[in-house]
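The structure appears below as structure tokens.
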Amino acid sequence: MSEPAQVVEALLSALDERRWRDAAALFTPAFLADFKRRAPAHYGPSWSDHFAGVHSEEELAALDAAETWARHLEATDPGTRYARVLAALKAKHPEHAAKLGRHSPTDARWWDRYRVAGTVADGSRAYVIVRERAAQRNPAPAPSVDDSPEMYVLRSTPEGWRVSSEPGGGRNLIIAGVSVEGENGEMVTLS
């Protein structure tokens, strides 16, 4: 992939298709090494929530930098996090398990809704802006709501353009509760 926009499109596709290792391969070695160096101290006591399938600091230390980032992408994926919430709610509220089963972890995913809106390249650095696709957007937000695009910073490497910054957007999804229909048709929010 020779163009920055192509790299970001490939990244969005890999994330949407849950191909964590393919996504990690699209980041610069410097970014991956820096992330590996900071983990798990960066996340404090809840570090294990940020690395899928890793149960000890020794296991985390044994992973290479790309695998560490891939495990982080998987664990912090909005769909993965939503699946954990749904499982916990089903255990806590078994009387609503069937209704909770109608919710899907893909409801929390966001990458497939985004498109590359523009690219600015400046020497060995490029900035790629992604925005939500107009056809799938929610109703127009109130004028005071900032509908900011996401920006990815890329660097030129011997392997071609690679992402050198952490993706944002829906990765910081906060799930306060899930609503289901109660016995009398009323909406019940389970938290």
Computed E for A83/E59 - FRET, C-beta separation, R0 25 angstrom, nearest 0.05: 0.70
S156 paired with A33, simple spin-label distance in nm, labels 7 Å along Cα-to-beta-carbon: 2.0 nm
Solvent-accessible heavy-atom area per residue, rounded to whole Å², over the range 12-71 at 1.4 Å: 51 Å²
Sequence ranges 4-16, 114-126, ranked by mean other-Cβ count within 10 angstrom, highest first: 4-16, 114-126
Per-peptide average of other Cβ atoms within 10 Å, ordering 52-62, 68-78 highest first: 68-78, 52-62
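The values are calculated or read from the model by the stated rules, or taken from the named source; none is laboratory data. Not measured: the values here are computed from a predicted model. Glycine gets a Cβ as well: all are built from the backbone with ideal geometry, and neighbour counts include every protein chain shown. For accessibility, only protein heavy atoms count, side chains too; no ligands or nucleic acids. Shrake-Rupley method; radii C 1.70, N 1.55, O 1.52, S 1.80 Å.
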